[in-house]
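Asker: So that we are looking at the same thing, I have put the structure below in structure tokens.
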Amino acid sequence: MGENAKINNVFKSIIFSLLSIVISIFIAIFFVMWSKQSGFMESVTLLLKSFWDGSFGSLFSLSETLVYTTIYIFTGLAHLVAFKTNLFNIGVEGQFMMGILAAVIIGVIPGIPMFIHLILIILGGTIAGSLWAFIPAYLKVKLNSNEVVNTIMMNFIAMNVLNLCISTFLKEPGYESSYQISESSMLPRLFSDASFRANYGLIIGIVLIVIVYFFINNTRVGYELRSVGYNKYASEYGGINIKKSIIISMVISGLIAGLGGSIFVSGIQHRVPKLFNFLNYGFDGIAVTLVARNNPIAIVLTSLLFGALNASALELQFNGIPKDIIFLVQAVIILFIAGEYVFKYLTNRFKKRGVK
């Protein structure tokens, strides 16, 4: 593919992503008109003002937007690495939870100096996430089992393991949650007001994006992962070890998800409640990556977009708009992105038939 063709494809992808966002908001406006029984322009003003006030309108709302953005950077990047090898690691949710569990266990240990404690909590999360991802990767290369099915089951196991630990040795008496981690294991906050939850995990996430971008595009292992993603048979013919690439891709994906889990505990929550359902950050990461078109740099913008949407949920409810409208916007965006992939698939099929 020539350089001009690549630029045209990137330009088309950006236009299509922006178009899908605009159309999704346009559809959301009609739901506001229906729920509020208001006119078109009144609904437009109310919806956009609610989005803005809830996500960027104050220092607190900006902080909450950055909190969600931080989490989505990690879960989005985790999916991106797997997608590069044409793997669907839907187990990012479970790997994220295992990162949380490791971080809580390490975080409650008292008497460790802050610098060492922060390194330990981050290392613990990444190791836990990568080990959890290694299991379905190993099953895939040894037994050729489907990674989607395996990782879905691993998500449920992860949630139950996490709940078991929180209900037993990690449980703080009188609470349905874990102990609060030691102050020495808490990441510093970005703002002077400690009640604002935005923290230095955002900086770690941005640095990680640069590392992943360099790794994917400028290293031999990154090239092999991309090659397997494009065509595994041609890659094998070219001497690339496909099984090794699958394991590396899944382990790195789990490592990033686990790191996100440790940041979630160390920088944001400081303790974990007993879960009755999934946190969904891992699943939301799929949408973040799809809208970013598998581009590590674009992950920043799409994480910010989804972070802003989630942060504005309270403001929407305050203005009488169901917060479910956020899920509607996200769903429509995903449908449009998926629709483009289906369109490309069908176009290629017709072209191949034409060649025959």
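Asker: Could you run through segment 306-327 and say how many residues are under 18 Å from Tyr68 (Cα atoms) and touching a helix residue (DSSP H, G or I) at 6+ places or on another chain (Cβ under 7 Å)?
Answerer: Residues that pass the stated criteria total 14.
Asker: Turning to a different aspect of this structure: For segment 84-122, what are the residues that are part of a helix (DSSP H, G or I) and either of a type in the set (Ser, Thr, Tyr) or open to solvent by 50 Å² or more (accessible area, probe 1.4 Å) (or both)?
Answerer: Across segment 84-122, the qualifying residues are Ile105, Met114, Phe115, Ile116, Ile119, Leu120.
Asker: Another one. Have a look at Ser63, Ser130 and point out the one that is assigned to a helix (DSSP H, G or I), of a type in the set (Gly, Ala, Ser) and under 17 Å from Val251 (Cβ atoms).
Answerer: Just one listed residue meets the conditions, Ser130.
Asker: Right, next: Which members of segment 37-48 meet the condition of being in a helix (DSSP H, G or I), free of Cβ contacts under 8 Å to residues at least 40 places away in the same chain and either under 23 Å from Phe191 (Cβ atoms) or not acidic (Asp, Glu) (or both)?
Answerer: Phe40, Met41, Ser43, Val44, Thr45, Leu48
Asker: Say we look at segment 174-186 and pick out the residues that are modelled with pLDDT of 90 or more and open to solvent by 20 Å² or more (accessible area, probe 1.4 Å); which of these is farthest from Pro113 (Cα to Cα)?
Answerer: Checked segment 174-186; the qualifying residue farthest from Pro113 (Cα to Cα) is Tyr179.
Asker: Let me ask something additional. Restrict the check to segment 255-262 and report whether at least one residue is over 25 Å from Ile297 (Cα atoms) and either part of a strand (DSSP E or B) or among the β-branched types (Val, Ile, Thr) (or both).
Answerer: Scanning segment 255-262, I find no residue that is over 25 Å from Ile297 (Cα atoms) and either part of a strand (DSSP E or B) or among the β-branched types (Val, Ile, Thr) (or both), so the answer is no.
Asker: Moving on. Have a look at Val265, Val228 and point out the one that is hydrophobic (A, V, I, L, M, F, W, C) and under 30 Å from Ala194 (Cβ atoms).
Answerer: Just a single option satisfies the conditions, and that option is Val265.
Asker: Which numbered condition in (1) modelled with pLDDT of 85 or more; (2) closer than 16 Å to Gly76 by Cα; (3) open to solvent by less than 50 Å² (accessible area, probe 1.4 Å) is the only one that Phe283 fails?
Answerer: Only one criterion in (1) modelled with pLDDT of 85 or more; (2) closer than 16 Å to Gly76 by Cα; (3) open to solvent by less than 50 Å² (accessible area, probe 1.4 Å) is unmet by Phe283, namely (3).
Asker: May I pose another question? Working only within segment 47-76, note down all residues that are over 16 Å from Gln330 (Cα atoms) and open to solvent by 50 Å² or more (accessible area, probe 1.4 Å).
Answerer: Within segment 47-76, Lys49, Trp52, Phe56, Ser58, Leu59, Phe60, Leu62 meet the criteria.
Here's the yes/no breakdown for (1) over 19 Å from Ala311 (Cβ atoms); (2) open to solvent by less than 20 Å² (accessible area, probe 1.4 Å); (3) at pLDDT 95 or above:
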| residue | (1), (2), (3) |
| --- | --- |
| Ala194 | no, no, no |
| Arg197 | no, no, no |
| Gly201 | no, yes, yes |
| Ile206 | no, no, yes |
| Tyr213 | yes, no, no |
| Asn218 | yes, no, no |
| Leu225 | yes, yes, no |
| Val228 | yes, yes, no |
| Asn231 | yes, no, no |
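The values are calculated or read from the model by the stated rules, or taken from the named source; none is laboratory data. Predicted, not measured: the structure shown is a model, and the values here were computed from it. Cβ atoms come from the backbone with ideal geometry, glycine included; neighbour counts cover every protein chain shown. In case anyone asks, the SASA skips ligands and DNA or RNA and just uses the protein heavy atoms, side chains included. Shrake-Rupley method; radii C 1.70, N 1.55, O 1.52, S 1.80 Å.
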